[in-house]
1. Can you tell me which residues in the range 147-173 are in contact (Cβ under 8 Å) with a residue 60 or more places away in the chain and over 16 Å from Leu199 (Cβ atoms)?
2. Let me spell it out: the conditions are (1) outside any helix (DSSP H, G or I); (2) touching a Gly at 6+ places or on another chain (Cβ under 7 Å); (3) not acidic (Asp, Glu), and Leu274 meets all of them except one. Which number is the exception?
3. Could you tell me whether any residue of the range 264-271 is over 13 Å from the mean Cα position of the chain (by Cα), in a helix (DSSP H, G or I) and among the aliphatic types (A, V, I, L, M)?
4. Only one of Leu231, Leu289 is over 14 Å from Gly206 (Cα atoms), modelled with pLDDT of 95 or more and under 17 Å from the mean Cα position of the chain (by Cα). Can you tell me which?
5. Could you go through the range 364-378 and let me know if any residue there is surrounded by 19 or more Cβ atoms within 10 Å (Cβ to Cβ), within 21 Å of the chain's Cα centre (by Cα) and in contact (Cβ under 8 Å) with a residue 12 or more places away in the chain.
6. Considering only the range 67-77, I want to know if a residue exists there that is modelled with pLDDT under 95, outside any loop (DSSP other than H, G, I, E, B), of a type in the set (Phe, Trp, Tyr) and surrounded by 15 or more Cβ atoms within 10 Å (Cβ to Cβ).
7. Within the range 339-382, count every residue that is among the β-branched types (Val, Ile, Thr), part of a helix (DSSP H, G or I) and over 23 Å from Pro172 (Cα atoms).
8. Tell me which residues, restricted to the range 133-151, are in a loop (DSSP other than H, G, I, E, B) and not aliphatic (A, V, I, L, M).
Amino acid sequence: MRKVPTVVGYRLLGGVGAALLAGAGLAVGALPNGADAPWWSMLRHVAGPALLCGYAGLTLLAAAWWWAGRDLRQGTRAARLDLRHGTRAGRFDLRQGAPAARLDRRSAALTLACWAGPLLVCPPMFSRDAYSYLAQGAMVLADIDVYRHGVAALGGGLAGEVPQMWQHTPAPYGPVFLALAGGVSAATGGKLVLGVLALRLVALAGVALLVGYLPRLARHCGVDPAAALWLGVLNPLVPLHLIAGAHNEAVMLGLLVAGICLAFERRFGAAAALVTLAALVKAPAVVGLVVVVSLAARHVGRRAAVGRTAGVAFGTAAAVTWATGIGYGWIGALGTPVYRHSWSISSALGRGVVRLGAALGTDLGDTPMRLCLGLGLLAALAAAGAAWWQRRRLGPAYALGLALAAVALLGPATRPWYALWGLVLIAAAAPDGWARPVAAVGAVVLAFVALPSGFGPDGAQAALAAAGVLVGLAAVGVLRLLAVPVRLAEAVAR
């Protein structure tokens, strides 16, 4: 009996899962609502079966990723055993003292292509942010100040695709991303389908930066580059949210990782410029500048490191803001995520207190929400500060990853894809220990918490999603049973 190669097996399993999920997106994705909606939006009448199939496919994708990780760990253990017995079956990495694993940039890119390819051509998934990006890009083209007005000022069908609660919310993004969104809107003429596809190409460019620089950063941090690629690039949140959702985190993280990698290579000016560009996509990346300063201080002294990094950062921000012509409103827009409609642990607590007060006949107004958001922000800053305080023991990149993970979890706005802020750097810099398995389990859990539509589930939808997970697990179990005769035949042949 012939055995399918392991790599082919998990690529095929994940590709089938992604195809099922992409097909389900035609009925239950973040579909457009306007009169010019594509023909496939008529498939909404099969939403129930589609949701079940989508979660079955998502389960297959998650299982394929876990399978790839197990194969990687087994290969690493085998190579170490070969080295221990004096053979050179595994190529030895003199810097980190461990055999280099088989998963390299090319292999990771091919695997991600198998898993993300079907999701490139489906409707937006798990969020309607892509429509916000397109509408804000159109506002840039129309010379409407995106930092003072929400998409309601644009009007028309494109703005109508943005959820009502965000209609009057200014853009929270920096001029780098808004310029990219404006370019997409100009190139696609405001067409929804073409615009979403173009945004995904922009996201792919960011993911390509991750594939290129994450292994380099891992080597500087003494981490197996293959393990970094598995956890940081191939985890389900990347194809689901960076590709299918077309989120601008792809560009932010690609620039951030590239900048920190260059800082390790003592190219501090370029590092500061890239990290600043990442922050001009989304503000959380600005904390990467402290890593640049920390690494530069080892060579030029703390005062010179702060001065040079600040000079490059301010110069880059000023040049980009001038070149895009969008203005400095992004500074005032930094507070946009602190918004009572944003979902987070702290806002959920605030809503709970308000409802409890209402049940007791007391109108507490906005006070509980403001208090809980403030406490959540303080908790995030405290956790981030504690992680950075331990940077000498942890290393600056790992400390930054933990800090960003704390901000994503405890901050005033939380989304599943925000976990990638910290997870990518944890993948590149965390040593073997508790952080890597916790991050891996967290990525799997977060992959299942959002519906493809981007909205919260009702009881029937939750039941269908759970049934889909069970169907996916049953399919994986059947595949494992089918593999047993192959293993028995191999044992007999020996």
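The values are calculated or read from the model by the stated rules, or taken from the named source; none is laboratory data. Because the structure is predicted, anything quoted here is derived from the model rather than measured. Using ideal geometry, Cβ is built from the backbone for each residue, glycine included, and neighbour counts are taken over all protein chains shown.
1. Across the range 147-173, the qualifying residues are Tyr147, Arg148, Gly157, Gly160, Met165, Trp166, Thr169, Pro170, Pro172.
2. That leaves (1) as the condition not met.
3. Taking the range 264-271 as the starting set, the residues that turn out to be over 13 Å from the mean Cα position of the chain (by Cα) are 264-271.
Now narrow it down to the ones that are in a helix (DSSP H, G or I): 264, 268-271.
Within this subset, residues satisfying the condition of being among the aliphatic types (A, V, I, L, M) are 270-271.
There is at least one residue in the range 264-271 that is over 13 Å from the mean Cα position of the chain (by Cα), in a helix (DSSP H, G or I) and among the aliphatic types (A, V, I, L, M).
4. On the way: Leu289 fails: under 17 Å from the mean Cα position of the chain (by Cα).
That would be Leu231, the only listed residue that is over 14 Å from Gly206 (Cα atoms), modelled with pLDDT of 95 or more and under 17 Å from the mean Cα position of the chain (by Cα).
5. no
6. Yes, the conditions are met somewhere in the range 67-77.
7. 3
8. Asp143, Asp145, Tyr147, Arg148, His149, Gly150
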